[in-house]
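Please treat every number below as a calculation from the coordinates, not as lab data. Computed from a predicted structure; not experimentally measured. All Cβ positions, even for glycine, are placed from backbone atoms using ideal geometry, and neighbour counts span all protein chains on display.
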Amino acid sequence: MTIASLRPAESPVLAAGDVARGIGRLFARNDIWCLREVPLRNGRRADLMGIDAKGLVVIVEIKVARADLLGDAKWPDYLDYCDRFYWGLPPALDRTPLDGEAYRPDTCGVIVADGYDAEILRPAALEPLAAARRKLQVEHLARIAMRRHMALLDPLARATGAED
């Protein structure tokens, strides 16, 4: 049985962290390495942001509640910071709104995940960033990853400023 085939009655209530973990495992198997909660230069924060083997930037916006999905008007702000954009949802969440034109189904992919794994239901279209913008994003992600790694190794080495 695949994750996407689970009916709501069979699906446990999942938190965003569970969905992020499942997507992270899917991405790792596909050589996409990501970070959670990445601040963007426009003041938004990507739930997951990563880089694939070709250096393309991927963002995933996770929604675990219908009201949050329907009420999110800020998600288009992420499109200027990635080459591919996905919605990440738990199996029990109704995905039909994502087929509506307001959610740009021709551009945005859909991933269904639980705390153990994930499945891409609709691939995200490639909307290439300008080379200079991609370079900035990759450097931004690298600096955040190094800062977080250093903080794990030595909590006293934490920078006092906010993440890039």
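Which of the lysines could be linked to Lys54 by a straight reach, that is with a Cα gap under 20 Å, when you skip same-chain ones fewer than 8 residues away?
Correct list for Lys54: Lys135.
Calculate, in whole percent, how much of the Cα-Cα pair population of region 8-128 lies beyond 20 Å.
That tail contains 36 percent of the Cα-Cα pairs.
Relative to the longest principal axis of the C-alpha atoms of the chain, give the angle of the C-alpha long axis of helix 16-29, reported between 0 and 90° and rounded to the nearest 10°.
Helix 16-29 sits roughly 80 degrees off the main axis of the chain.
Run the simple label-point estimate for Asp117 and Asp99 please: 7 Å along Cα→C-beta, distance reported in nm.
Going from the Asp117 label point to the Asp99 one covers 2.5 nm.
About its Cα centre, how strong a charge dipole does region 8-128 have in debye, to the nearest 20, once Lys and Arg get +1 and Asp and Glu get -1 at the Cβ?
Computed charge dipole of region 8-128: roughly 280 debye.
Given the rule -39500 (n - 2.57) for each run of at least 4 DSSP H residues, summed and divided by the residues of the chain, what is its mean residue ellipticity at 222 nm, to the nearest 500 deg cm²/dmol?
-8500 deg cm²/dmol
For Arg29 and Lys54, calculate 0.36 nm times their separation in residues minus their Cα-Cα distance, and state this gained length in nm to one decimal.
Gain in length upon complete extension: 7.5 nm.
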